[in-house]
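Here the structure comes first, spelled out in structure tokens, and everything after it is commentary.
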Amino acid sequence: MKKQTLLFVIALTSLFITYGQKKANGTIYIDHPAIAVVENMTKAFVSGDSEKVASFLADDFKSFNGVSVNTNDKGQDKESFAKSAKGWADALDYFSITRTKGAYPDALEYKESNQKDVVWVQTWEDLKGVHKKTGVKINMPTHKLFVVNKNNKIQTIINYINNSIPDEIGSSYVNRTNGTIYNHHDNINTVRKLTYAYENGDLDKTMSFYSDDAKFSDINTEFGKSLTKAEITPIWKKFLDDYEIVSIDMIGYPDYLEYEMGNGREVLSWWNYHLIRKSDKKKLTVPFHFSNSFDADGKIVAEMAYYSQSLLSAK
């Protein structure tokens, strides 16, 4: 009993300590004049009305990138920020900034003496558009912190945004190479060898060119779904059981792409499958396109097949 009483006292003391550590530091508002200022400025920004944007900003306004690593960032001033509204509107088709679904702004009035003349507004929004010059699609969440002064003017914006999309836009202004295209390469030889092994019904040799953990995808199946080597093997065997392969003829020539980004290795190939369906002796010609990903050892680690299922089942 004594032990249980001690445990109860400890738990109760912990509870009081937890509650004792709480200290209010202001009030959070779901409706506030400062929120209206922020959202009206955002509407003006999207419309490209630089003059109206400027009317919502304090003379000492500064805007900062919240994910910048520049410790000496002086921020963007009022004139530059206001002008950027027109720049964004001119650069983007279908430009919009809207509240993220289920989210809403908060206005925070802090108790500290150095915060008594300002209100902090935090927003969660979706920024969307299509960059006119590069065609890059923008569809990303943003988080912003605004400081609104006692005159209902925005004096600070701290913007948290995914920089990868602006970086992609910047990179897309110039032509850039991303590796080498080969029309003759040992990985191309591999694709030819496995294709002609399959043409001759040699499934074991066909599968030997794939890594044990290879993934197989098909344009006719659910996007993102793939099969393992063990799963695809009986499917390919059934194809050989259902169709006589008269010949598989290469269309043009395969390309082997060796990418700089990500060290990717991809063989693209195009074929005509000349078939006889065994069930009704119907002759079929079905185009196939394959995209085969290779590892550094020359094994295929992934394959994507493109073909028309309706052509295979044509009456």
When the helices in the chain are scored as -39500 (n - 2.57) per DSSP H run of 4 or longer and the sum is shared across all residues, what 222 nm value do you end up with, to the nearest 500 deg cm²/dmol?
-9500 deg cm²/dmol
Under 18 Å from the 7 Å Cα→Cβ point of residue 308, by amide nitrogen: which residues of region 268-289?
270-277, 282-289
Students often get this wrong, so check it: of 237/299; 225/299; 23/128; 215/282; 237/282; 74/144, which have C-alpha atoms separated by over 29 Å?
23/128; 215/282
On a C-alpha basis, how far is the centre of region 39-89 from the centre of region 277-315 in Å? Whole number, if you could?
54
Ignoring ligands, DNA and RNA, what percent of the accessible area of region 157-266 is carbon or sulfur (1.4 Å)?
50
Can you check what the net charge comes to around residue 234, using other residues whose Cβ is under 15 Å from the Cβ of residue 234 (Lys, Arg +1; Asp, Glu -1)?
-2
For region 97-220, build the convex hull from the C-alpha positions and give me its volume per residue in Å³.
250
Leaving out ligands and nucleic acids, note down the accessible area per residue over the chain with a 1.4 angstrom probe, in whole Å².
62
Out of the trypsin sites (Lys or Arg not before Pro) in region 26-85, which ones are loop residues according to DSSP with at most 16 other C-beta atoms within 10 Å?
74
Cα-centred dipole magnitude for the chain, charges only on beta-carbon of K, R (+1) and D, E (-1), debye, nearest 20
980
Assign one of three labels to region 223-284, namely rounded, prolate or oblate, based on the Cα gyration tensor with a ≥ b ≥ c the square roots of its eigenvalues; rounded applies when a/c is under 1.5, prolate when it is not and a/b is larger than b/c, and oblate otherwise.
oblate
Under the 7 Å Cα-to-Cβ spin-label approximation, residue 227 and residue 98 lie apart by a distance in nanometres of 4.1
Over 26 Å, how big is the tail of the calculated P(r) for the chain, in percent of all Cα pairs?
66
In whole Hz, with x marking every Gly and Pro, tabulate ³J(HN,Hα) for region 309-315 from phi via Karplus 6.51 cos²θ - 1.76 cosθ + 1.60, θ = phi - 60°.
5, 5, 5, 5, 9, 4, 8
Helix axis angle, 229-242 relative to the chain longest principal axis, alpha carbon, degrees:
40
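The values are calculated or read from the model by the stated rules, or taken from the named source; none is laboratory data. All values derive from a computational prediction rather than experimental measurement. As a convention, Cβ positions derive from the backbone with ideal geometry for all residues, glycine included, and neighbour counts pool all protein chains shown. Each accessible area value is taken on the protein alone, full model and side chains, heavy atoms only, with ligands, DNA and RNA left out. Shrake-Rupley method; radii C 1.70, N 1.55, O 1.52, S 1.80 Å.
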